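Inspection log for the structure reproduced underneath, given as structure tokens.
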Amino acid sequence: MQCKNGFNPGNIGIVKINKQAGESENNSSVVVEVSENELKKNREGNEAWRIRFSTKLGAMLVLFASGMLMSASVPPLNWSVAAWFSLIPFYWLAAEKRAWTAWGCGYIWGLGWGFTAFFWLREINPVIPYLMAPVLALFTAFWAMAIPLLRRGLLIPVETQLRGYDAERQFNAQSPWRELFFALALAAWWCIIEWSRSRMLPWNYLAVSQWRNLALIQICEYTSTYGVSFLIVLTNVAIALAVKTGISGFKNHQYRRPVPFMVTLIILMLVSSIGGRKLFTKPEKSPITFNAGLIQGNISQRRMATNAEAKEALDIYLKLSYELAAEKPDIIIWPETAVPYPYRASHPLCRDYRFRLQQLISATKIPMLIGTIDFEDLPPGVEHEPGVLNSAFLFSGEGIFQSKFDKVNPVPFGEYVPFRRFLPQWAIKAIDMNRDLTAGKSFSPLPVYPGVKAGINICFEDIFPYVSRKETLEGANMLLTITNDAWYPTSSEPEQHLANSVFRSVETGLPMIRCGNNSASCLINPNGFISQCILQTKDPKTGKMQPAPEIRGRQTGIIKVSVKENPPLTFYSRYGDIFILFCWLLFIAASLVSAGTWYNKKSTLLKAFE
């Protein structure tokens, strides 16, 4: 490009203008050295700062920090309010990028979130959080990838896109209803992303940040946890859009109502008011009431226990059971693998285990449910090694074995190595815990009291909605979780586990008893409220004792449980993840509209070159 004075900025290196000696100020030749980079830097519309390393580094730090902020919304910090704005910087930094750059933004945000939200895994192996975070970040990366694609397809007209990048950035005449459609589509896509890992690790969905917000989480009766996650993402995107609309309106002196934000507020108020009304509705009287005796032995993790350690665990749990039996509970419950040796094995200590447990039941006449390692019962003629099971055994008050439940969802890498036969030996050696437990096949509940059929969850099964739902459809009118979180003696895992499990009661409308080896032995009401706990603390404001499931310690206690004989099925129990179907339809519709915009743009460009 040639300027009027003949100066060609594309060819210059340094311009020199010399001031001659003895000449007056008005008749001088000034020397100024101007580099080509300086000229470009000061040119109007120059946006080189966007690709500077320092700018990129700052953006990455913001993304990582906002991911960490989201993880602060779950235990141990429980900053639940952080969930409602932690996605906003993420959205702003990804919205105007290309799809793969936005993917990278989502990946960095996911690293910050995944590493801190799952940092408790360091107690199994210090390396695991560093391996887990990069995998979890893939999910948020693919959510972020959709942001610029849907934004251009739904919010930016073809005519504006054809005028170039600057025109897109300055465009501020979006249809408010298209903005709402855009925000709803992104919220739906997030829920689809969460659902995609529902059979692998449905731990710490966004909804878990609201586990104490009882009014809001009542929506889970219809949508499972995805409904709460949907509202959180919708709110974040709506606020981000409203802020940008406000800033643009201030600059251009044009006010536009933030319709997506206003609609989101209305939805939140409706959901919370309906949920709050349910909380204050007096529940119907339950015809069945029984007293469950819970034993929390608080022994250390002893999967590879010595004989002395196994005997100590047996002594502790028997001693506590005799003490609790004096209070005459209707059933005594032990947690998952309370005694680290299999109940039915032939080892001398296992024989002692059976003898002493039968002595306890014979002396007290109280039915018992215990967690133990067990083995498959093979049919006649089958010669292969029986599978190892993580089970719950139920005994009558006469000591007769009545029934058992085998864990249907073993822990990946903790209780089995996925795809073991396809992995190289060095990889197996690095992650193997020297066992592959077999998954149970039945969801049938156990009859723990006359008229009470308990759907059993062992260990982390209470974070899987499908397990409790299938048990409910099999006739369970109560949920019972036995767990052993002693793998994590100092971290936040036990409280996070409890926070995740609260939603199962709301989804199914059933009370849940939890019996843990070292924490969270409590009763969760059908509305998600933790009403009773064997460990309590004094409220500093009221001075009254209140449940403290997060406290660890050795304790026993009796919890009074009310159960409906034939409770009606909730919407979620009856129809399952139909809300995810709605999310798919919404996201597909948004994708088709976006694809139509892209096609129109491409057709217009092709016609211009014909």
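Coordinate-derived values only; no laboratory data. This one's a predicted model, so the numbers in the text were calculated from it and none came from an experiment. In this analysis, Cβ positions are derived from the backbone assuming ideal geometry, glycine residues included, and neighbour counts consider all displayed protein chains.
Annotation: the residues HIS384, HIS497, HIS347, sorted from fewest to most other C-beta atoms within 10 Å of their own C-beta, follow the order HIS384, HIS347, HIS497. Residue farthest toward the positive end of the dipole of the chain, with Cβ of Lys/Arg at +1 and Asp/Glu at -1: which of PRO134, ILE463, SER519? Positive-end residue among those listed: PRO134. Taking 0.36 nm per residue of separation and subtracting the Cα-Cα distance, full extension of the segment from ALA595 to LEU279 would add 109.3 nm. Taking 7 Å steps out from each Cα toward its Cβ at ARG52 and VAL411 produces label points 4.8 nm apart. Can you give the angle from 0 to 90° between the axis of helix 226-252 and the longest principal axis of the chain, with both taken from C-alpha atoms, to the nearest 10? In the chain, helix 226-252 runs at an angle near 20 degrees to the longest axis. Between the stretch 156-184 and the stretch 77-149, the C-alpha centres lie 26 angstrom from each other.
Against the chain, whose longest principal axis comes from its Cα atoms, helix 53-71 is set at around 30 degrees.
For the listed residue pairs LYS282/LYS407; LYS470/LYS564; LYS407/LYS453; LYS56/LYS602; LYS538/LYS560, the alpha carbons are over 28 angstrom apart in LYS282/LYS407; LYS56/LYS602. Please list, in order, the residues from the stretch 198-223 whose amide nitrogen is less than 16 Å from a point placed 7 Å along the Cα→Cβ vector of ILE578. 219-223, by backbone N distance to the label point.
Model label points for GLN358 and LYS319, set 7 angstrom from Cα along the Cα-to-Cβ axis, are 2.5 nm apart. Comparing MET545, PRO410, CYS350 along the charge dipole axis of the stretch 288-563, the residue lying farthest to the positive side is MET545, per the Cβ-charge model.
Listing PHE609, PHE587, PHE405 from fewest to most neighbouring C-beta atoms within 10 Å gives PHE609, PHE587, PHE405. When each of the peptides 503-513, 191-201 is scored by how many other beta carbons lie within 10 Å of its residues on average, the order from highest to lowest is 503-513, 191-201. In terms of surrounding Cβ atoms within a 10 Å radius of their Cβ, ASP377, ASP406 rank from fewest to most as ASP377, ASP406.
Using 1/(1 + (r/R0)^6) with R0 = 30 angstrom and r between the beta carbons of LYS538 and LEU61, what's the FRET efficiency to the nearest 0.05?
Numbers: r = 42 Å, r/R0 = 1.40.
E(calc), rounded to 0.05, equals 0.10.
Once Rg and Dmax of the Cα atoms in Å is calculated for the structure shown, the corresponding label among (i) 26.5, 89; (ii) 30.9, 119; (iii) 26.3, 81 turns out to be (ii). Cα centroid separation, the stretch 496-554 to the stretch 232-261: 40 Å. Over the chain, Cα pairs under 8 Å with separation of 6+ residues give a relative contact order of 14 percent.
Computed about its Cα centre, the charge dipole of the chain is approximately 1240 debye, with only Lys, Arg, Asp and Glu carrying charge at their Cβ. Between the listed residues LEU369, LEU324, THR306, the Cα displaced farthest toward the positive end of the dipole of the stretch 294-399, a dipole computed from Cβ unit charges relative to the Cα centre, is found at LEU324.
Evaluate E = 1/(1 + (r/R0)^6) for PHE85 and LYS251, where r is the Cβ-Cβ distance and R0 equals 22 Å; express this FRET efficiency to the nearest 0.05.
It comes to 0.45.
A straight Cα-to-Cα reach below 16 Å connects LYS365 with the aspartates and glutamates GLU323, GLU327, ASP330, GLU398, residues fewer than 8 places away in its own chain not being considered.
The H on the amide N of GLN532, modeled in the peptide plane, is under 5 Å from the matching H of LEU523, each at least 5 residues off or on a different chain.
Taking a straight Cα-Cα cut-off under 19 Å and skipping sequence neighbours fewer than 8 places away in the same chain, the aspartates and glutamates within cross-link reach of LYS441 are GLU336, ASP374, GLU376, ASP377, GLU385, ASP406, GLU415, GLU461, ASP462, GLU471, GLU474. Rounded to the nearest 0.05, the FRET efficiency derived from the C-beta distance between SER531 and ARG554 at R0 = 22 Å is 0.45.
In percent, how large is the relative contact order of the stretch 444-571, given Cα pairs closer than 8 Å and 6 or more residues apart? Result for the stretch 444-571 is 20 percent. Normalised by 2.2 N^0.38 Å, with N the number of residues, the alpha-carbon radius of gyration of the stretch 315-354 equals 1.31. Output wanted: per-residue J couplings in Hz (rounded whole) for the stretch 529-545, from phi through Karplus 6.51 cos²θ - 1.76 cosθ + 1.60, θ = phi - 60°, x for Gly and Pro. Karplus-based 3J(HN,Hα) across the stretch 529-545 equals 7, 7, 8, 9, 7, 6, 10, 9, 9, 8, 5, x, 8, 9, x, 8, 6 Hz.
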